[in-house]
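First comes the structure, then the notes that go with it.
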Amino acid sequence: MDDTQIESAQSALLNKTQQSSSGFLIPINDVLIPTAVIVSVAVLLAVIIVIYSNWCRRKSPENDALAPSIVVYPSYGIKVPQMLSKDIAFSLPQLRGSESLEDLVQEEPVEDVGESECGGNQLTGGRAQAHRSNSFSGYSLGMIDPTLYQGALQFEDEPDFPEGHLGRIWFSLRYEASSEKLVVSLLKVKNLPSRTVGTANGCDPIVRLCLMPNGRRYQQSRQKKKTCNPFYDELFVFQVNPKELEDHILKMSVIDTGRGKRRQVIGHITFPLGQLSAQFKTGDLTHHRIDLEKETQECVSELGELLVSLLYNENQHRLTVSVIEARNIKFPDERQDSFVRVTLNQHYRTIKVKRTTTVRGSMEPKFTQGFHFNLTSANIDVTSVSLQLFQPGPGYSKGDKIIGKCVLGSYMFARGKALTHWNTALASPMEQVQQWHTLAE
């Protein structure tokens, strides 16, 4: 085979290969475009099917049953299906506040009215009654006779008040012999002095009630803010044995609670219950209005006097009691030796006891010793400090003889100068306040 034939064969083979390649590429391009169109259409159909399925599922009745119930209130003149919710039975707890006297009088007629043991009409149905109380006494008042308090609403004001007047308090009393309860209705207080001279209604008063002589159980009214003529309209109940009723004295103290936690006693009233023994036996209601007074001045003691200093650290909750000196001591015998025992009490319970060193051979001993006691602001009203002056026994004997004592504390425990000293010291934190106190037996 010559060269010409070989070249012809190669040329023929090359042409055949090109034709085969061209024939193979053309079908591939023709297939890709329709395939892409078909896939896009399929995806679009799938999306449409999913959306349609979700829409059908939302409209199905089964899902309506699972949906939360909605109460529909139809418009006027249009009938709309309603779904009613089932009533839930419940009851309100008993109130622990005071009932308004006016509401008691204007109460709707009750279903049943029975004769009470005190001779009046006693409520046996209708709204439950409540009364004011605190942690020291919480006696159940039960059903209240509305006629008991009708007279309280008819108190007439007296427009004239004397110069230097501290205030006037209106209240009613009734004793229920069958239940041994003394019911006190506190109506109002008028003409209280403002804590700042030249300002009006600068007073945030509360009223505290207790039965003397012990005064351990007391009750307290609600606080009235920014008023010198507070209206309370509250009830208080004390459990008192009828045999001991005439020996008790009702004491009310009006206290200004403004300026943070500082309290200032404005005045007191004392009402001996013995003078109403006849009315209490018949269950009659008595109305009273009495002017407030300051504490009576203490009698001069022949036992001696004690100079005491108080300092209260409000940040550290610490009370410092300093026994400085004594004077005019009346010793039981010729020995002129003495020491002072300082006792911190809360709720008449002894918390801590400390004592000074013994000073010998002096009618006016100089002790000059201070003692620290922990005292939080929450316990101020239930705390007292007792200072007792002793003459030690001879030698090492334990026959110490008490010469006299004085008690400093809140209005529950102290009176007169002792109460004023306590209130002044606690109202002036970080300030040392000194006061001479007469010794009592």
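The values are calculated or read from the model by the stated rules, or taken from the named source; none is laboratory data. Everything quoted here is computed from the prediction, not taken from an experiment. Please note: Cβ atoms are built from the backbone with ideal geometry, for glycine as well, and neighbour counts cover all protein chains shown.
Kindly establish whether Gln336 is surrounded by fewer than 18 Cβ atoms within 10 Å (Cβ to Cβ) and not assigned by the TED database to the domain that holds Tyr218. Even if it seems obvious, please write down each step before you answer.
Numbers: surrounded by fewer than 18 Cβ atoms within 10 Å (Cβ to Cβ): yes; not assigned by the TED database to the domain that holds Tyr218: yes.
Yes: the conditions hold for Gln336.
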Legend entry - Pick from the stretch 401-410, criterion touching a Phe, Trp or Tyr at 6+ places or on another chain (Cβ under 9 Å) and crowded, with 16+ Cβ neighbours inside 10 Å, ranking: farthest from Glu302 (Cα to Cα): Ser410
Inset, instruction - Scan the stretch 279-298 and give yes if some residue there is outside the structural domain of Ala414 (by the TED database), surrounded by 15 or more Cβ atoms within 10 Å (Cβ to Cβ), within 30 Å of Asn379 (Cα to Cα) and small (Gly, Ala, Ser), otherwise no. - result: no
Legend entry - Options Val265, Val240, Val254: the member that is of a type in the set (A, V, I, L, M, F, W, C), modelled with pLDDT of 90 or more and outside the structural domain of Thr376 (by the TED database): Val254
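I want to confirm something. Restricting to the stretch 210-240 and keeping residues that are within 23 Å of Phe161 (Cβ to Cβ) and not basic (Lys, Arg), which single residue is surrounded by the most Cβ atoms within 10 Å (Cβ to Cβ)?
Going residue by residue through the stretch 210-240, those that are within 23 Å of Phe161 (Cβ to Cβ) are 221, 224-233.
From what's left, not basic (Lys, Arg): 221, 227-233.
Numbers: Ser221: 22, Thr227: 16, Cys228: 21, Asn229: 16, Pro230: 25, Phe231: 13, Tyr232: 22, Asp233: 21.
Only one residue fits best here, namely Pro230.
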Inset, instruction - Go over the candidates Phe390, Phe413 one by one and state the one that is in the same structural domain as Leu311 (by the TED database) and part of a strand (DSSP E or B). - result: Phe390
Legend entry - Residue among Arg289, Arg341 that is assigned to a strand (DSSP E or B), under 28 Å from Pro429 (Cα atoms), touching a strand residue (DSSP E or B) at 6+ places or on another chain (Cβ under 8 Å) and among the charged types (D, E, K, R): Arg341
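Just to be sure, is Thr368 on the phi < 0 side of the Ramachandran plot, part of a strand (DSSP E or B) and in the same structural domain as Cys406 (by the TED database)?
Working: on the phi < 0 side of the Ramachandran plot: no; part of a strand (DSSP E or B): yes; in the same structural domain as Cys406 (by the TED database): yes.
Considered against the rule, which asks whether it is on the phi < 0 side of the Ramachandran plot, part of a strand (DSSP E or B) and in the same structural domain as Cys406 (by the TED database), Thr368 comes out as no.
Return yes when Thr286 is in contact (Cβ under 8 Å) with a residue 12 or more places away in the chain and out of contact with any Ser or Thr (no Cβ under 8 Å at 6 or more places or on another chain) and no when it is not. Walk me through how you get there before you give the answer.
On the way: in contact (Cβ under 8 Å) with a residue 12 or more places away in the chain: yes; out of contact with any Ser or Thr (no Cβ under 8 Å at 6 or more places or on another chain): no.
No, not satisfied.
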Inset, instruction - Could you tell me which of the residues Gly167, Gly202, Gly198 is surrounded by fewer than 16 Cβ atoms within 10 Å (Cβ to Cβ) and not hydroxyl-bearing (Ser, Thr, Tyr)? - result: Gly198
